[in-house]
Amino acid sequence: MKRHLNTLFVTTQGAYLSKDGETVTIKADGEVKLRVPIHTVGGIVCFGNVGCSPYLMGFCAEQGVSISFLTEHGKFLAKVQGPVSGNVLLRREQYRRADNPEQSANIARMILIAKIANSRSVLRRLLRDHASKVKTKTVDQAAQRLTAAIERLQDTELTLDTLRGIEGETASTYFGVFDNLITAQKSNFIFDKRNRRPPLDKVNCLLSFVYTLLMHDMRAALEVVGLDPAVGFLHRDRPGRYGLALDLMEEFRPFLADRLVLSLINLRKVNEKGFMAKESGAVWMDDETRKTVLVAYQERKQKELIHPFLKEKVTLGLLPWVQALLMARYLRGDIDGYPPFVWK
Amino acid sequence: MFVVVSYDVASDERSGQRRLRRVARACQNFGQRVQYSVFECIVDPAQWVLLKERLISEIDPKKDSLRFYYLGSNWHRRVEHVGTKKPIEQDGPLII
């Protein structure tokens, strides 16, 4: 089994990353802040004004370490990619399936079933653990609506457009009761509906940021197994959009990202002072809060679970990689169907 | 797995200083310096073979010594640090 490698986050403004032997060296204010061997790093994420030497970029590309550049506020800007790796036959098969509406719909259907089931698990867990604090009836009804949607998705004849319709409905059902999942700091963290670019409240700000981190991991995982992260089945091609990464991310949104955001708020690890609103209405978080979120995300990735399909113990951080590998095996024809990740 | 590498390289001659530098460089590529001649490396078995071979080929067995301590994969509770220069946790969140 592949080892869960660490991700290096650089948030210090003005920091410079360079290659020293086989290590990544981070300099800031004229001194070396950190030196880490490249073998222990799976990815590097730079926030804002962070420089990176071309030799390091080349070395990372060679070693299969992905580098992403984000704005200070976590918006994705660019990534560094080395020579295209992996199996060309696999990628061609991916393109063929993506061109075929029925095949695409079938894969998209599996992913959506998992996503909705995972969303439902998030709701059900709330009902189980905090039944006294929430409007049980509303949440329960939402959970039932999600169950109904899963049943509708059993139909193999559905077209992609219908699938997208069902996804939209379930997303609004789920986010419609999401505010109920916030059980602490109620007056400061109010969730109305999902919004982005820019996020207009603190909860959306947290969600968007964690989704970006998840996106970086998912895209890197797809590249490792040799799939093209840009060509998706549910998400259609669009320049600059990583369709397949977005597809596979759907399964993890509720389980990894939404739960993380909720526990940050509910356990009071973040508070309203860590956010600021711009004139445009956009809400941003400060450096301290961003660090808290990154630490929490990294720690969550260290947790282990038994993978429902592989029956093997994996860290949460390896889940994107495991799912990317399963997708590659499915496309290659090694397994009959793509087994999405369903949290039990 | 977690391996502690410590070394003693006779550095009174020019050639010794060169060996010392090269041993330190090899260790740095795989682990973290925790004291002057002590490195903590988190490596998989394949990487360990590489590192070990490289280290052994750098030293002069007549003058220098290397010691390896294998702490396995369940090492967290076997390591304790007291005093200054606390090293970073290599598998913890790396945020700079």
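The values are calculated or read from the model by the stated rules, or taken from the named source; none is laboratory data. Everything numeric in this text was worked out from a predicted model, so none of it was measured. Here the Cβ is made from the backbone with ideal geometry for all residues, glycine too, and neighbour counts use every protein chain on show. Note: accessible area is taken over every heavy atom of the protein model, side chains too, but ligands, DNA and RNA are not part of it. Shrake-Rupley method; radii C 1.70, N 1.55, O 1.52, S 1.80 Å.
Rounded, prolate or oblate for chain A? Axes are the square roots of the Cα gyration tensor eigenvalues, ordered a ≥ b ≥ c, and the cut-off for rounded is a/c under 1.5. Cα axes put chain A in the oblate bin.
Once the Cβ-Cβ distance of B:Glu13 and B:Asp44 is raised to the sixth power relative to R0 = 45 Å, the FRET efficiency obtained is 0.80.
Out of all Cα-Cα pairs in segment A:189-273, roughly what percent, to the nearest whole number, are more than 19 Å apart? Cα-Cα pairs of segment A:189-273 separated by over 19 Å account for 44 percent. In the protein assembly as shown, the DSSP beta bridges split such that about 75 percent are antiparallel, to the nearest 5.
Ordering A:His307, A:His130 by how much accessible area each has at a 1.4 Å probe, largest first, what is the list?
Values: A:His307 0, A:His130 60 Å².
Output order, biggest surface exposure first: A:His130, A:His307.
Only protein heavy atoms count here; on that basis, with a 1.4 Å probe, A:Arg164 has an accessible area of about 70 Å². Surface composition of segment A:37-88: carbon plus sulfur atoms contribute 57% of the solvent-accessible area (1.4 Å probe, protein chains only, all chains present).
Could you state the number of Å between the C-alpha centres of segment A:257-302 and segment B:8-22? Cα centroid to Cα centroid, the span is 49 Å. In degrees between 0 and 90, to the nearest 10, how far off the longest principal axis of chain B does helix B:14-28 point, with axes built from Cα atoms? With both axes taken from Cα atoms, the answer is about 20 degrees.
Summarise the partner chain shielding of A:21-27 as one whole number: the mean count of Cβ atoms from other chains within 10 Å of each residue's Cβ. Kindly include the intermediate steps, with their values, before the conclusion.
Numbers: counts 6, 5, 6, 1, 1, 2, 0.
What the average comes to for A:21-27 is 3.
What Kirkwood hydrodynamic radius, in Å, does segment A:67-118 give when the mean of 1/r is taken over all pairs of distinct Cα atoms and then inverted? Computed over Cα pairs of segment A:67-118, the Kirkwood hydrodynamic radius comes out at 14.2 Å. Cα-based values for chain B, radius of gyration first and Dmax second, are 14.0, 43 Å. With an a/c value of 1.5 or above and a/b larger than b/c for the gyration tensor axes a ≥ b ≥ c computed over the alpha-carbon atoms, segment A:109-185 is described as prolate. Per residue of B:41-48, other chain Cβ atoms within 10 Å of the residue Cβ number 2 on average. For chain A, the relative contact order is 16 percent, taking Cα pairs closer than 8 Å that sit 6 or more residues apart in sequence and dividing their mean separation by the residue count.
Strictly over 22 Å apart at the Cα level, which of A:Lys269/A:Lys301; B:Lys63/B:Lys85; A:Lys19/A:Lys303; A:Lys75/A:Lys303; A:Lys19/B:Lys63; A:Lys79/A:Lys115 would you flag in this model?
Numbers: A:Lys269/A:Lys301 17 Å; B:Lys63/B:Lys85 30 Å; A:Lys19/A:Lys303 30 Å; A:Lys75/A:Lys303 26 Å; A:Lys19/B:Lys63 32 Å; A:Lys79/A:Lys115 27 Å.
Check vs 22 Å cut-off fails for B:Lys63/B:Lys85; A:Lys19/A:Lys303; A:Lys75/A:Lys303; A:Lys19/B:Lys63; A:Lys79/A:Lys115.
Give me D for segment A:263-305 in µm² s⁻¹, whole number, from Stokes-Einstein with Rh from the Kirkwood sum over alpha-carbon pairs, 10 °C and 1.306 mPa s. Walk me through the numbers before you get to the answer.
Working: Rh = 11.6 Å.
In µm²/s, the coefficient rounds to 137.
Using unit Cβ charges (K, R positive; D, E negative) and no other charged atoms, how large, in debye to the nearest 20, is the dipole of segment A:211-279 about its Cα centre? Intermediate results must be reported in sequence, preceding the final value.
Working: 10 positive and 10 negative charges, 71 e Å.
The dipole of segment A:211-279 has a size of about 340 debye.
Which value results when the Cα radius of gyration for segment A:31-71 is divided by 2.2 N^0.38 Å? If you can, show how the numbers build up before the last one.
Working: Rg = 10.4 Å, N = 41, 2.2 N^0.38 = 9.0 Å.
Compactness ratio reported: 1.15.
Probe radius 1.4 Å, ligands and nucleic acids ignored: give me the carbon and sulfur share of the accessible area of chain B as a rounded percent. Here carbon and sulfur together make up 50 percent of the probe-accessible area. Would you work out which of A:Thr138, B:Val79, B:Ser37 lies farthest towards the positive end of the dipole of the protein assembly as shown? Charges go on Cβ: Lys and Arg +1, Asp and Glu -1. The Cα lying farthest towards the positive end belongs to B:Val79. Diffusion coefficient (Stokes-Einstein, Kirkwood radius over C-alpha pairs, 20 °C, 1.002 mPa s) for segment A:147-225: 142 µm²/s, rounded to a whole number. Think of chain A as having a plus end and a minus end, set by charges on the Cβ of Lys, Arg, Asp and Glu; of A:Tyr174, A:Phe47, A:Ile111, A:Tyr174 sits farthest toward the positive end of this dipole. With the helix formula -39500 (n - 2.57) applied to DSSP H stretches of n ≥ 4, chain A reaches a computed 222 nm mean residue ellipticity of -14500 deg cm²/dmol.
Normalising by the residue count of segment A:1-147, find the relative contact order in percent from Cα pairs under 8 Å and 6+ residues apart.
Details: 183 pairs, mean separation 22.6, N = 147.
Over segment A:1-147, the number comes to 15 percent.
Look at the stretch A:286-294: the mean tally of other chain Cβ atoms within 10 Å of its residues' Cβ atoms is 1. Of the whole protein surface, A:Asp29 contributes about 140 Å² of accessible area at a 1.4 Å probe radius. Could you work out what % of the accessible surface of segment A:161-269 is carbon and sulfur, using a 1.4 angstrom probe and leaving DNA, RNA and ligands out of the count? C and S atoms contribute 52 percent here. As a rough guide to protection, the peptides A:35-45, B:52-62 ranked by mean Cβ packing within 10 Å, highest first, stand as A:35-45, B:52-62. What the Cα atoms of segment A:40-177 give is an Rg and a Dmax of 21.1, 58 Å. Each chain gives up part of its surface: A and B jointly bury about 1800 Å² of accessible area, both sides summed, for a 1.4 Å probe. Report relative contact order for segment A:231-342 in percent, whole number only (criteria: Cα-Cα under 8 Å, sequence separation at least 6). Contact order relative to length: 17 percent.
Here segment A:1-87 is described by how far its Cα atoms reach on the three principal axes: 41, 29, 24 Å, from widest to narrowest.
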